Amino acid sequence: LGDDLTDKKRKRFSKLAQKECWRMASMIKNLQSFYQPSEENFEPIEIDRLIEEILLIAGKALKVKGIKVKKNYKTETFIFDGIEDQIKQVLLNVVQNGIDSIKGNSNGSITLTLTQTSNDFVLKITDTGKGIEKENIKMIFDPFFSTKGKEGTGLGLSVSYGIIKKHGGDITIDSQLGVGSTVNLVLPINRKV
């Protein structure tokens, strides 16, 4: 419909409406994946490789804000059964939240700690951002709940929660105002059927 408009103001509103429709479609898709995650194939994944790819994707945002990345794990291959695209989405959501919570040029850092038990991998992603208020922690995984105001959809962590639970894992957050937050991801090495 917008292509047939000649009035500039109406055309602008038409483009805005179209953009908002695409945004809503994306939100609905994300919400569907939270409640009914896709039945894609689980396969062996190298979690340390995924971490490197996510850091490459987030590299520009990290550099712009002057955020240092620290890795507390040995360079070796950590393999688990999972759905690669979904785990990438979780890691990207968590790292992006950490970046968003850190003020630019504040000597901020994001630390990734990866350990292994006999059954699980434990990945802790710690930021030196503003932290989350205690009363908000219990709602942090609820769909549409956001601490970012208009800038957040409130779907990133709720979708991440659904993905991690589908993988038989767990996700929790510890946070302190003015100090930062730690997202704890636990992923089973072998899929629990």
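Selection within region 61-100: residues that are in a loop (DSSP other than H, G, I, E, B) and open to solvent by less than 50 Å² (accessible area, probe 1.4 Å). The member of this set that is farthest from N119 (Cα to Cα) is G66. Applying the condition of being touching a helix residue (DSSP H, G or I) at 6+ places or on another chain (Cβ under 7 Å) and modelled with pLDDT of 90 or more to region 55-79 and asking which residue is nearest to F141 (Cα to Cα) yields A58.
Being within 16 Å of the chain's Cα centre (by Cα) and modelled with pLDDT of 85 or more is a property that Q86 has. Scanning region 14-41 for residues that are open to solvent by 100 Å² or more (accessible area, probe 1.4 Å) and either of a type outside the set (F, W, Y) or at pLDDT 75 or above (or both) yields K15, Q18, K19, W22, R23, K29, Q32, Q36, E39, N41. The sole residue among I132, I102, I67 that is of a type in the set (A, V, I, L, M, F, W, C), under 16 Å from I173 (Cα atoms) and in contact with a Ser or Thr (Cβ under 9 Å, 6 or more places away or on another chain) is I132. Note on region 103-120: among residues that are free of Cβ contacts under 8 Å to residues at least 60 places away in the same chain and buried (at least 20 other Cβ atoms within 10 Å of the Cβ), the one that is nearest to Y73 (Cα to Cα) is I110. When region 42-60 is limited to residues that are outside any strand (DSSP E or B) and among the aliphatic types (A, V, I, L, M), the one that is most open to solvent (accessible area, probe 1.4 Å) turns out to be L56.
The values are calculated or read from the model by the stated rules, or taken from the named source; none is laboratory data. Please read these numbers as outputs of a predicted model, since none were measured by experiment. Every residue, glycine among them, receives a Cβ derived from its backbone with ideal geometry; neighbour counts consider all protein chains shown. SASA here: full protein model, heavy atoms, side chains in, ligands and nucleic acids out. Shrake-Rupley method; radii C 1.70, N 1.55, O 1.52, S 1.80 Å.
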